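The structure appears below as structure tokens.
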Amino acid sequence: MTSSELQPRQDGAAALRLLSDGELDLEGRLVDASNTTLRGILTLDGMTARCVYKPVRGERPLWDFPDGTLAGREVSAYLVSRATGWDLVPPTVLRDGPFGPGSCQLWIDEPEDAEPLVGFVPAGAVPPRWFPVAAARDDDGAAYALAHADDPRLARLAVLDAVLNNADRKGGHVIVGPDDRIYGVDHGVCFHVEEKLRTVLWGWAGRELPRDAVEMLDGLAGQLTGGLGDELAEHLTIGEVAELAARVDRLRAAGRFPLPPEDWPAMPWPPM
């Protein structure tokens, strides 16, 4: 079985077993990442898949995330995503590897012909059914817009980011998979107890949540008081788990996508 055949939704159990128990051989480092991020190949019982391995020892300390680990937050984001039923985060586990414990996430291959859903476009040529969310200029002074598609798959990701309190949803962290599903990656700076939502997906700001999002939040609230809350407590602080539940309740009560903050940057940098 190759990495392109092992899909997170169809083979979730197999992917988790491979991620947890497979032999991990490293291919190289992803040099654009701010923390140590390594790509590897997992093998187990005839199954093979690529993965992203982020060892805890390669994490740079963050003053505003003093507790826990980025790896634990990556795993927690997957657990919440799985609980929503939307499966927007690739299967992710915490395991030992060549450089010690770290998060290990299934690699998602993006087809060469995949249509981008987020990006910079000429200011006067924003595609139909796209939301411009920020203005920019290139080195020659030409006007551009940072924009994203009005796509229900992206809307779900925007709701998940609000739940996770994602402080770093860059456009480059949105991947279109070979199964025409979208996935969000890089969730090491989520779950803060203070509001820190920074994202490029502001197109629905203030709009009413779709029905499927309301239903998801209702179900998620119940799970957080049970087994999901216990699972998350292995990786997050008690306060972070409690604030996660409070965010879900606030979103349910508001029934709308959150608005950009006024007292901290609303966009990550760089945005892509």
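Taking amide hydrogens as placed 1.01 Å from N in the peptide plane, the amide H of residue 144 sits under 5 Å from those of 123, 136, 137, 138, each at least 5 positions away in sequence or on another chain.
Return the Rg/Rh value of the chain, two decimal places, where both radii are evaluated on C-alpha atoms and Rh is the Kirkwood radius. With Rh from the inverse mean 1/r over Cα pairs, Rg/Rh is 0.95.
When +1 charges are put on Lys and Arg Cβ atoms and -1 charges on Asp and Glu Cβ atoms, the dipole computed for segment 221-272 relative to its Cα centre reaches about 300 debye. Taken about its Cα centre, the chain carries a charge dipole of roughly 400 debye when the Cβ of each Lys and Arg holds +1 and the Cβ of each Asp and Glu holds -1.
Heavy atoms of the protein chains alone define the surface here; on that basis the chain has 48 Å² accessible area per residue at 1.4 Å probe size. What a 1.4 Å probe finds exposed on the chain is 52% carbon and sulfur by accessible area, rounded to a whole percent. In order along segment 256-261, phi translates into HN-Hα couplings of 9, 5, x, 8, x, x Hz, rounded to whole numbers, per the Karplus curve 6.51 cos²θ - 1.76 cosθ + 1.60 with θ = phi - 60° and x for Gly and Pro.
The values are calculated or read from the model by the stated rules, or taken from the named source; none is laboratory data. Only a predicted model underlies this, so the values are computations on that prediction, with no experimental measurement involved. Ideal geometry is used to build each Cβ from the backbone, glycine not excepted, and the neighbour counts take in all protein chains shown. Protein only, heavy atoms only, side chains kept; ligands, DNA and RNA dropped before computing areas. Shrake-Rupley method; radii C 1.70, N 1.55, O 1.52, S 1.80 Å.
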